[in-house]
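First the structure, in the form of C-alpha cells, and then the observations on it.
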Amino acid sequence: MDDKTLVKTLDFQLDVQSDNEGLLYDATLEARRVYNETIRLAKEGVDWDSISRHLEDDADLVKNTVQRIVAKALGAMENYLEYDDFGRPSHTKDDPYPLRANYEEGYTLSLTDDSDVAFRISAKPYKHVRGVLKGSDAHLDLLKTALTCDEWKVTTSETLWRDGNPELHINIRNTERTVRDKQDSRTVVGMDVNEDNVALTALSKDGVEDTLVIDFPEIKFERHRYFTVRKRVQNAGKESIHDTLEGREERFVRDCLHKVSRQIVKWSQQFERPCIVFEDLKELRDSIDYGTQMNRRLHHLPFRALQFYTSYKASFEGVPTAWIDPAYTSQRCPMCGHTERANRNKKRFKCRGCEHQDHSDRGASVNIAVKGVKKHQDWNVPALNSLPVVRKVRRQASGAVDAPTVTHPTVRGSLADGRSGVSN
C-alpha cells in the first residue's frame, strides 16, 4: 500500500481574552447557517462552483472560513445525495458548526515570552478573538516544534464548542516524512503500559520474536514524593509555591516519558516492517473507583502521554501505530486463551487452565499483539507453543537506559503440554 503523509491533529482549549467568547460562539452559529445554506443550494441544483462566491458576500464570516465550510458541506453532499421524507435537504446541522480555517488566513499562532502559544482567530470580518492555548504538554510541545521547525507545517484548524467550552483543533503536517500503512506490516509490537513499566512483545508470522520490559519506578516514586510535599505545603498555608511544585513534577515526568518512548521506538525498529499497537484506554479513568489512595495512584498513570509520545516518535521514523480494545488483555492466557481474573499475583501470571506461568505484563503485551494482528493484518496469528525469555531494563537516574540488568529465565515444561514462563 502507498505510504501516507504524516499529519497530526492537536487539541487545545482556548483561554480567551476579555468577553470574546460570545463573539466566537456567534461565529459558530453563522458557520452552521453557511453549512446548511450550502446543502440547500446544492440540493436545489445551483452550480457547485458558484455557491462559495454567492455565500462569501452574504455570510458574516471571513472569506477563507466560508470557503472551507462550503468545501466541507459539498464533500458531505458527494456522499449523501438524498432528501428526507419532507422534501427538505437532509444532513443539515442543528448544533454550532466549527469554524474551519487555513493557517495565516483564518487564524495565526505565535510563541509568547512566557513560552505560551498565543492565538488570533478571525471570527468575523475585522473582528478577532485572542488568547492563549491550553492543553496537554505533549500537544503543546509538538505544536511549538511545528512553529519553529521547517520539517513541520501548520495547516488547517477547526474552532468548535465542546461541553460549553471553546476548543481549537490544529492539523500539522510533516513535509519530509511519510508513514507506512499499518496493514502493510510484518511484525506487530504489543505495548502494555503499567504504573511502573512498559512491556513490549514483537509478534511475527513465525511467532514471538522478542520481549522487553522497561521499568521506570522513578515516576511513581517522584509523583508520590511531590504529592506528599504539596500536602505539607497546603497544611502550612503556603499555597503560593503549589504551582511551582506541580510544574517541576510534570517536567520530570515528561522528560522520563520522552526518553522511554524513544527507547520503545528504537527497539521496535529492529524488526521487519513493525507496527506498534496500543490499548485504547480513553475511558479507563472514568471507570476507576478503588478508594481514595488507589484512585489517586491510578489517575496518575502516564499511559496516555506515553502512548502519544511513542506514536508521534514512531511516525517520525515511518513506523505506523494502531489501537485495539483492551478487554481481558491482562487476564487472558496467551497460550491457551483461558480467561480468569484471579490468576495474577503482582508480576506473576499463572493460568489455571494450562498452568502456563509468565511475567504478567509480558503476557498482556502478547495478547495486545495478538489482537493487533487479528484486527489490522491479513496474516494469521501463529501458534504460541513457547515464549522467549523476558529481558528487563531499568532506567537510571541519569535518564539512560542500561543494558539488561535482570533476565527472567524461561521455565519450560515439555512443548507438548505447552508450559513456559518466568521465575523470579
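No value in this document is a laboratory result; all are computed from the given coordinates. In this text the structure is predicted, and so the values were computed from the model without any measurement. Don't worry about glycine lacking a Cβ; one is built from the backbone with ideal geometry, like all the others, and counts go over all protein chains shown.
Worth a mention:
- Neighbourhood charge, 14 Å Cβ-Cβ cut-off, centred on Leu14 and excluding it, Lys, Arg +1 and Asp, Glu -1: -4
- Built amide H within the under 5 Å cut-off of Asp210, gap 5+: Ala202
- Our coupling estimate for the range 133-139, obtained by passing each phi through the Karplus curve with A = 6.51, B = -1.76, C = 1.60 and θ = phi - 60°, is 7, 10, x, 5, 4, 4, 5 Hz, Gly and Pro reported as x.
- Taking other Cβ atoms within 10 Å as a rough exposure proxy, Ser360, Ser157 sort from fewest to most as Ser360, Ser157.
- Residues whose amide H comes within less than 5 Å of that of Asp181, counting only those at least five positions distant or on another chain, are Lys4 (H built at 1.01 Å from N in the peptide plane).
- Listed from fewest to most Cβ neighbours within 10 Å, the set Thr148, Thr9 follows the order Thr148, Thr9.
- Remark: for residue pairs Lys43/Lys144; Lys8/Lys259; Lys134/Lys375, the C-alpha separation exceeds 31 Å in Lys43/Lys144; Lys134/Lys375.
- Overall form of the range 144-253 per C-alpha gyration tensor (a/c, 1.5; a/b vs b/c): oblate
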